[in-house]
Each structure stands twice: as structure tokens, then as C-alpha cells.
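This report concerns only the one structure given below.
The values are calculated or read from the model by the stated rules, or taken from the named source; none is laboratory data. If you're wondering where the values come from, they're calculated on a predicted model, not measured in any experiment. Neighbour counts are summed over all protein chains in view; Cβ atoms, including those assigned to glycine, are modelled from backbone coordinates with ideal geometry. We work out accessible area using only protein heavy atoms, side chains counted, and drop any ligands, DNA or RNA first. Shrake-Rupley method; radii C 1.70, N 1.55, O 1.52, S 1.80 Å.
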Amino acid sequence: MHFSLASLLWTAGPTLFGSGAFDQILAAFQRATKEKSPAALGSLVEAVRAADWKQLPEALGPLALASPECLGAIATPGVSTDAALVLLQALITRMEVQSRGPYEARHDQSENLRRYHELLRRYIDHKENAEFIHSEIASLRFPLKLTSVVQVDSKTSPAVQIADVLVGAAVEAANTLTGQRQGVLDPGEVLSLYAEDQLIHYLPSNDFTEQKRLRSGSQASEMIDYFARHFGGGAT
């Protein structure tokens, strides 16, 4: 439901809310989630009200009405628009499915990954039996088969260098396909090098029937509660 509504908002927002108004809402939302100040939250509400938000009240109504629950969620410490953790969890999910036994993950010394290194260690050390279904193709089971996470200097690791090249090409292809920027590589040729289950993305999809089928039986809310209980706020 949330993914489909977000996809609809991203696709139709510029047309429904007027020229430039949707960009103003996105910019105000980014600022509000970063600053979490009353002024930033107020600017977000004003940006929504300035747009023709009643064209899609299911998406923007709570902000236009300054819902305390909605604004409170944005102002919650730790809540951000940083997708790094979400993508990292998606990557672990795929590695867990594809690995037949224990494995080690190696990554470069990027600041984003360094931020989550301790959290990954806690995932690895968590020995309680639990399993959550995200969608038809994604699930996560504890204990993980992942045994360790190691940071390496990419300058001395050919494997990490190759991974950087492959990821960079895939990102360029995705940006070209979505119109974010024009790359020099042919996106079709690049993406044809990958199997479907080797690409992790959150591109909008307006095939709502397919998305409903794909996420049928999802335990996403149960997983969020489980992670908050075991991995949030200093849990051990």
C-alpha cells in the first residue's frame, strides 16, 4: 500500500499539484526530516497547502492538516530520508537467499557503511530464531548465515574495485532510464548483463495489481516492530 501510494505520488505529483509545487514539497520534506525544527515542519505544511493537495488527499492530507501523528513521525530522532540502511538490509536479504552456507561480507571504507558497521555486527550476533516475509522474492531469517563484515581498503582489493565498477555502471544506467541524468553507457546493454535477482532497486511502479500480488502476505510491519525491539535504542 505505502509503496504503491508513493509510486503514484512520484509519478503524478508534478502534474496534479502544479508546476514546481511538487519540487517545493520534496525540498521542504527533506529539510524537515533533517532539521526536525518547528520552523522546518511549518514550512513543510505551508508547501503542501500551497499546492493543490486535494487532488490526492490520501497522500498529502495529513501534512496539509498538520496531523500531530504525521509531523511527530517526521520529527522523531533517527528518522531520515537516508536509504542506505534500507538498501543494506535488502542486500543482506539477497545474500542470505543466494548463499548456501556461512559467508563473509567485505566492503570498502565508506562513511555510510562505517556508520552501520556496529549494527551489522549486532545482526550477526543475534541468535534468536525468527523469519519475516517481505514479498514474493524477499525474506529474512535469523540467525543469519552472514558470519562477519570486514572493511577493506579498496586500493588493495581487486574484488572491491570490480564491484565498484559494476555498481557504478548499474547506477548510471538506472539514472539514465529514470531521466535523472544522461550517462554515456547504453542502459539496456548494461542491465542485460545482470540477472533479474541481481538488481536491488526501489524504482516507482504503477503496476498496482502486480505490486499487490508481489507483496501479498508481507510481514513488513512485524519486522519493523521486531527490529525496533531487538536492534533499536541500545537493545542487545
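If the requirement is being modelled with pLDDT of 90 or more and under 18 Å from the mean Cα position of the chain (by Cα), which of these qualifies: Ile74, Ile92?
Exactly one residue qualifies, and that residue is Ile74.
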Looking across the stretch 95-116 at residues that are more than 22 Å from Ile162 (Cα to Cα) and under 21 Å from the mean Cα position of the chain (by Cα), the single one that is modelled with the highest pLDDT is Val97
Checked pairs for the stretch 139-160, first hydroxyl-bearing (Ser, Thr, Tyr), second surrounded by 14 or more Cβ atoms within 10 Å (Cβ to Cβ) and in a loop (DSSP other than H, G, I, E, B), C-beta under 9 Å and 6 or more apart or across chains, list as Ser139/Gln219; Ser154/Asp108; Ser157/Asp108
Could you check the stretch 65-107 and list, in sequence order, the residues that are open to solvent by 40 Å² or more (accessible area, probe 1.4 Å) and either in contact with a Ser or Thr (Cβ under 8 Å, 6 or more places away or on another chain) or polar (S, T, N, Q) (or both)? Thr76, Val79, Ser80, Thr81, Gln89, Val97, Gln98, Pro102, Glu104, Arg106
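Is it true that Leu16 is open to solvent by 50 Å² or more (accessible area, probe 1.4 Å), farther than 30 Å from Gln161 by Cα, at pLDDT 90 or above and in contact with an Asp or Glu (Cβ under 9 Å, 6 or more places away or on another chain)? Don't jump to the end; show me each part of the working.
Numbers: open to solvent by 50 Å² or more (accessible area, probe 1.4 Å): yes; farther than 30 Å from Gln161 by Cα: yes; at pLDDT 90 or above: yes; in contact with an Asp or Glu (Cβ under 9 Å, 6 or more places away or on another chain): yes.
Criteria met by Leu16.
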Where a residue in the stretch 96-125 is on the phi < 0 side of the Ramachandran plot and touching a residue at least 12 places away in the same chain (Cβ under 8 Å) and its partner, wherever it lies, is open to solvent by 70 Å² or more (accessible area, probe 1.4 Å) and of a type in the set (S, T, N, Q), with Cβ under 7 Å and at least six apart: Pro102/Thr147; Tyr103/Thr147; Glu104/Thr147; Ile124/Thr147
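Can you name every one of the helices (runs of 4 or more DSSP H) wholly within the stretch 120-236 that holds 2 or more residues which are at pLDDT 85 or above and under 17 Å from Leu91 (Cα atoms)?
On the way: elements: 158-177, 187-191, 208-214, 220-231.
Filter on the stretch 120-236 gives 158-177.
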Could you tell me which of the residues Glu189, Glu172 is open to solvent by less than 60 Å² (accessible area, probe 1.4 Å), acidic (Asp, Glu) and on the phi < 0 side of the Ramachandran plot? Glu172
Taking only pairs six or more apart or across chains, which ones have beta-carbon atoms under 6 Å, a first residue in the stretch 218-236 that is closer than 15 Å to His2 by Cβ, and a second residue that is at pLDDT 80 or above and not β-branched (Val, Ile, Thr)? Gln219/Phe132; Met223/Phe132
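Check the stretch 24-41 and report whether any residue there is under 22 Å from Thr209 (Cβ atoms) and open to solvent by less than 40 Å² (accessible area, probe 1.4 Å). Let's see the steps before the verdict.
Within the stretch 24-41, the subset under 22 Å from Thr209 (Cβ atoms) is none.
For the stretch 24-41, residues under 22 Å from Thr209 (Cβ atoms) and open to solvent by less than 40 Å² (accessible area, probe 1.4 Å): absent.
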